[in-house]
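Only one structure is covered here, and it is reproduced in the block below.
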Amino acid sequence: MSKTLAEKKALVSELKENLSETQMAIVIDFKGLSIAEISDLRNRLRPVGAICKVSKNTLMERAIDGDQNWQPLTEYLAGSSAFLLVKEDFSGAIKAYQDFQKVTKKTELRGGVLEGRALSEAEVKAIGDLPSKEQLLGQVAGAINALATKLAVGINEIPTSLARGVRAISEQEESA
């Protein structure tokens, strides 16, 4: 059943709104996926702050028209397209998609766009190999904690060394 012009305009405005909140978009070919499988993909993406939008390529073209940040997306608009719109956790979203893809083996990653730059399939997968946001925060916290510990030990060592020096001088004077 064909959509009315008003419905299409509403879909385009919804896509524009989603893109305005998105930092990275990934395009996949979802040909052959059932509704249950699309729902499974959406459920996997939701915890990492990403959404999966299935849209006609012409509607996405209209949504990105005039927005230089998303223009590179046009090179991936062919065939059955689904768009993974990632707000924050790029690595987590890509890993969630890759887990889904391993299970279904039906989708194909075409590429993506990050900060106005087109990303190849290999570049998107490389971003997916990066540690998650939580892991990076843990690493930074661990490094800060280690630095604070070393600083505390160093500061504590000054009076201890001074006390040893004073005792050594005192013992020298007593023996002399």
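Just so it is clear, none of the values below were taken in a lab; they were calculated from the coordinates. Everything numeric in this text was worked out from a predicted model, so none of it was measured. Don't worry about glycine lacking a Cβ; one is built from the backbone with ideal geometry, like all the others, and counts go over all protein chains shown.
Name every residue in region 69-100 that is over 29 Å from Leu136 (Cβ atoms) and assigned to a loop (DSSP other than H, G, I, E, B), in order of residue number. Within region 69-100, Leu77, Ala78, Gly79, Ser80 qualify.
Every residue, every condition in (1) surrounded by fewer than 17 Cβ atoms within 10 Å (Cβ to Cβ); (2) in contact (Cβ under 8 Å) with a residue 40 or more places away in the chain, yes or no:
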position	(1), (2)
Thr4	yes, no
Leu11	no, yes
Asp29	no, yes
Gly32	yes, yes
Ser39	yes, no
Arg42	no, no
Ile64	no, yes
Glu75	yes, yes
Phe83	no, yes
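In region 152-161, the condition of being closer than 30 Å to Leu77 by Cβ and either touching a Leu at 6+ places or on another chain (Cβ under 9 Å) or not hydrophobic (A, V, I, L, M, F, W, C) (or both) is met by no residue.
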